[in-house]
Amino acid sequence: MPRIAILLTVFNGRTWLQQQLESILSQVGVRVHVFISVDVSTDGSEAFVDNLAIADLRLTILPHGRKFGEAASNFFRLLNEVSFDDFDYIGFADQDDIWLPDKLNQAHLKLTETGADGYASDITAFWPSRRRVLIKKSQPQKEWDFLFQSGGAGCTIVMSSSLACAIQAYVREHRDEIKKVWLHDWFCYAFARAKGYKWFIHDYSSMMYRQHVDNQVGANSGWRAILHRARKVVNGWGFRQSIIMARTMGLENNPFVKRWVNGQRTGLIYLAFKAHSCRRCFRDQIFFSLSCLILAVTGI
């Protein structure tokens, strides 16, 4: 059976951790080992995971006491410090979801079948009210989508050890650049595509994606998500991240990237008419095009 290292970050997650870890450790057809990094918490998460690790040798807890403030820095800590030598694949996990029993085996089968090095899938968001919504991530990939969006929800990502080791080496060598990156999953997808690795997005919902008031990102569903995205458009956050991603990948001199990477208004207008190459979902292409035109007027 394939050996899979799961990198899990925790921050005040004791409420959901037990159920999440049970769903991870119950995966069929694979051998799993979970590496956990806890951002300094106030709900006893550190002691909770320490006690779990005493009872289950498939859990390794990184030393406590570090304050990250957001999930990406914590995930980059795991990418930097965990050894991948004994594993076939490396995946990410959030603290509050529920995985279907064959989530990782499906990833293994598809990676083997397609020859890809990176994998992600659709997800099903669910709320305390029992509402459920399928979140599609598996639209056909576009030429430049990796500079403007992730390759799927981070909690569904599974990577070959070769891709993960290449990312790890980059993270260790470019610490200052990595500090500017806000989304680790987007970074891994961008790295894979920019460096010529194949990525597969599965039209299969592999997990239940819990929605609650403490979600750092959450599902793009409903009017709250629309307002959240609109605010990021107005303040230019998303586009600044795209610029950071392009420069981090060394693509600033690519003819396509060079037209907009300095944030010039003409470049934003150019991008507005290239939305079909920058986003996978048709709805998002329209939103992207409008966003570029708004920023061309307001400036970044």
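Sort R14, R283, R58 by Cβ crowding within 10 Å, fewest neighbours at the top. Show your work: numbers first, answer last.
Details: R14 17, R283 10, R58 14.
Ascending number of Cβ neighbours within 10 Å: R283, R58, R14.
State the answer as a single residue: which of A194, L17, I123 lies farthest towards the positive end of the charge dipole of the chain, with beta carbon charges of +1 for Lys and Arg and -1 for Asp and Glu, about the Cα centre.
Positive-most Cα among the choices belongs to A194.
So how do 133-146, 68-81 stack up, highest first, on mean other-Cβ count within 10 Å?
Final packing ranking: 68-81, 133-146.
Looking only at Cα atoms, what is the convex hull volume of the chain per residue, in Å³? Mind showing how you got there, number by number?
Values: hull volume 38.3 nm³, N = 300.
Taking the convex hull of the Cα positions in the chain, it is 128 Å³ per residue.
Could you name the lysines whose alpha carbon sits less than 16 Å from that of K274, not counting residues in the same chain fewer than 8 places away?
Within reach: K142, K258.
Roughly how many debye, to the nearest 20, is the charge dipole of region 238-300 about its Cα centre, given +1 on each Lys and Arg Cβ, -1 on each Asp and Glu Cβ, and no other charges?
Details: 9 positive and 2 negative charges, 10 e Å.
Roughly 40 debye for region 238-300.
Roughly how tilted is helix 103-114, in degrees to the nearest 10 and between 0 and 90, from the longest Cα axis of the chain?
Roughly 50 degrees, rounded to the nearest 10.
Between region 53-83 and region 238-254, what is the C-alpha centre distance in whole Å?
The distance from the Cα centre of region 53-83 to that of region 238-254 comes to 28 Å.
Expressed as an acute angle from 0 to 90° and rounded to the nearest 10, what is the orientation of the C-alpha long axis of helix 14-25 relative to the principal long axis of the chain?
The two axes meet at around 80 degrees.
To the nearest 10 degrees, how steep is helix 223-234 against the longest Cα principal axis of the chain, on a 0 to 90 scale?
Computed tilt is about 50 degrees.
Can you work out the PRE-style zone for S162? Point 7 Å along Cα to Cβ, and I want the residues of region 5-43 with backbone N under 20 Å.
Of the residues in region 5-43, 5 have backbone N under 20 Å from the label point off S162.
Check which residues have an amide H placed less than 5 Å from Y204's amide H, if you skip close sequence neighbours.
D122
Order these by the 10 Å Cβ neighbour count, fewest first: M1, M245.
Details: M1 12, M245 24.
Fewest-to-most ranking of M1, M245: M1, M245.
As a quick test, which of the pairs K136/K195; K103/K195; K137/K198 have an alpha carbon distance above 23 angstrom in this structure? Each step should come with its number before you reach the end.
On the way: K136/K195 25 Å; K103/K195 26 Å; K137/K198 16 Å.
As for pairs spanning more than 23 Å Cα to Cα, those are K136/K195; K103/K195.
With θ set to phi - 60°, apply the Karplus curve 6.51 cos²θ - 1.76 cosθ + 1.60 along region 151-165 and write out the HN-Hα couplings as whole Hz, x wherever there is a Gly or Pro.
So the J values, rounded to whole Hz, are x, x, 4, x, 6, 9, 5, 9, 10, 5, 4, 5, 5, 4, 5.
Taking only DSSP H segments of four or more residues, each worth -39500 (n - 2.57), what value at 222 nm results for the chain once the sum is divided by all its residues, to the nearest 500 deg cm²/dmol? Walk me through the numbers on the way to the answer.
Values: 12 runs with 127 residues, N = 300.
So the helix-based figure for the chain works out to -12500 deg cm²/dmol.
Run the reach check for K67 against lysines, Cα to Cα strictly under 24 Å, same-chain hits fewer than 8 apart removed. What comes back?
K179, K180
Tell me, what ³J(HN,Hα) does each residue in region 247-252 have, in order and in whole Hz, if you take phi through Karplus 6.51 cos²θ - 1.76 cosθ + 1.60 with θ = phi - 60° and put x for Gly and Pro?
With the stated coefficients, region 247-252 comes to 5, 4, 7, x, 9, 4 Hz.
Would you mind computing, in nm to one decimal, how far apart the modelled labels at T298 and H276 are, each placed 7 Å from Cα along Cα→Cβ?
Output for this residue pair reads 2.8 nm.
None of the figures in this text is laboratory data; all of them are computed from the coordinates on show. None of the values given here were measured: they were computed from a predicted structure. FYI the Cβ positions are ideal-geometry reconstructions off the backbone, even for glycines, and counts take in every protein chain you see.
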